[in-house]
1. Considering only residues that are under 17 Å from residue 270 (Cα atoms) and modelled with pLDDT under 90, look in the stretch 158-182 and name the one that is surrounded by the most Cβ atoms within 10 Å (Cβ to Cβ).
2. Can you tell me which of (1) closer than 22 Å to residue 297 by Cα; (2) free of Cβ contacts under 8 Å to residues at least 24 places away in the same chain is the one residue 117 doesn't meet?
3. Across the stretch 96-126, what is the total count of residues that are part of a loop (DSSP other than H, G, I, E, B) and under 13 Å from residue 136 (Cα atoms)?
4. How many residues does the stretch 246-265 hold that are surrounded by fewer than 19 Cβ atoms within 10 Å (Cβ to Cβ) and touching a residue at least 40 places away in the same chain (Cβ under 8 Å)?
5. Could you check, for the stretch 295-308, whether at least one of its residues is in contact (Cβ under 8 Å) with a residue 12 or more places away in the chain, touching a strand residue (DSSP E or B) at 6+ places or on another chain (Cβ under 9 Å) and part of a loop (DSSP other than H, G, I, E, B)?
6. Which count do you get for residues in the stretch 27-44 that are closer than 18 Å to residue 131 by Cα and out of contact with any helix residue (DSSP H, G or I) (no Cβ under 6 Å at 6 or more places or on another chain)?
7. Could you say whether any residue in the stretch 254-263 is closer than 20 Å to residue 64 by Cα, under 18 Å from the mean Cα position of the chain (by Cα) and in a loop (DSSP other than H, G, I, E, B)?
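The values are calculated or read from the model by the stated rules, or taken from the named source; none is laboratory data. Worth saying up front: this structure is predicted, and the values here are computed from it rather than measured. With ideal geometry, Cβ positions are generated from the backbone for all residues, glycine too; neighbour counts draw on all protein chains shown.
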């Protein structure tokens, strides 16, 4: 595990309120599985580290970019110092071309949680990929299996007309799923379209029918509350630091290494930096483009978190 740049962390434990930390500690010491969720840049890592150090816990990352080797700066990957403060699981475990979906991550996370508990430690799940955490806690919809031909056709649409075109098609047939998914998340956008094309039912219909009524873990989900303007400030500060610590060079190295088709390369921020590296976005517009995209993503995350009404996946805002 390589770990990120320790100086690239823009927030510290002091930014987590004593009240929030106390509540998270109370939940971590109970029988439930503590899951720290919330919008990007809200301070999840700081809270998880504070809890882990206090209770002798270990952190299970639920981040769909941090899981990949080489995607370090722009994912906020924990530094070596942070990893030394609390062991981390499912960070830097896969090569960029390895496909990791919610079901696969949930299996790995379940094994990590069981291993941590078997050693008398407390597991703390932490990350912004809420769909993965929900898969761990509630399971997944048993929708039609993947179809290579359908996915190849979707890839051709993205290659020829861009990610937005595929997202527009999803918005036409399944508006609820389109509202939930960012246009850059072509893997999930393609999957939602695939389910509709193969079954004639939208992914949102499948999910409504599933209901996520059976819990696999008794979990306590918490998130840190921020005023939208304050969160935007935190996002902007983080972008500035990451750009100053080599994000552009990192993306250039990843592209030179042949990882342009990696799923993580389409994530928020990485997509914009790639556009700059490829000469499609001027340097003086890059910072603001990333902040805008990240702000939209954070708003989508919050909407999704607040839209979960299942008792075992309801979020408590601290």
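1. 181
2. Condition (1) is where residue 117 drops out.
3. In the first step, residues of the stretch 96-126 are kept if they are part of a loop (DSSP other than H, G, I, E, B); the result is 96-101, 119-121.
Still in the list and also under 13 Å from residue 136 (Cα atoms): 101.
Adding up the residues that qualify gives 1.
4. 4
5. The answer is yes, given that some residue of the stretch 295-308 is in contact (Cβ under 8 Å) with a residue 12 or more places away in the chain, touching a strand residue (DSSP E or B) at 6+ places or on another chain (Cβ under 9 Å) and part of a loop (DSSP other than H, G, I, E, B).
6. Within the stretch 27-44, the first condition is being closer than 18 Å to residue 131 by Cα, and the residues that meet it are 33-42, 44.
Still in the running and out of contact with any helix residue (DSSP H, G or I) (no Cβ under 6 Å at 6 or more places or on another chain): 33, 42, 44.
The number of residues fulfilling the criteria is 3.
7. yes
For every residue, the table says whether it meets (1) in a helix (DSSP H, G or I); (2) outside the structural domain of residue 102 (by TED's automatic domain parsing); (3) closer than 18 Å to residue 299 by Cα; (4) touching a residue at least 12 places away in the same chain (Cβ under 8 Å).
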residue: 152; (1), (2), (3), (4): yes, yes, no, no
residue: 156; (1), (2), (3), (4): yes, yes, no, no
residue: 160; (1), (2), (3), (4): yes, yes, no, no
residue: 165; (1), (2), (3), (4): yes, yes, no, no
residue: 168; (1), (2), (3), (4): yes, yes, no, no
residue: 172; (1), (2), (3), (4): yes, yes, no, no
residue: 177; (1), (2), (3), (4): yes, yes, yes, yes
residue: 183; (1), (2), (3), (4): no, yes, yes, yes
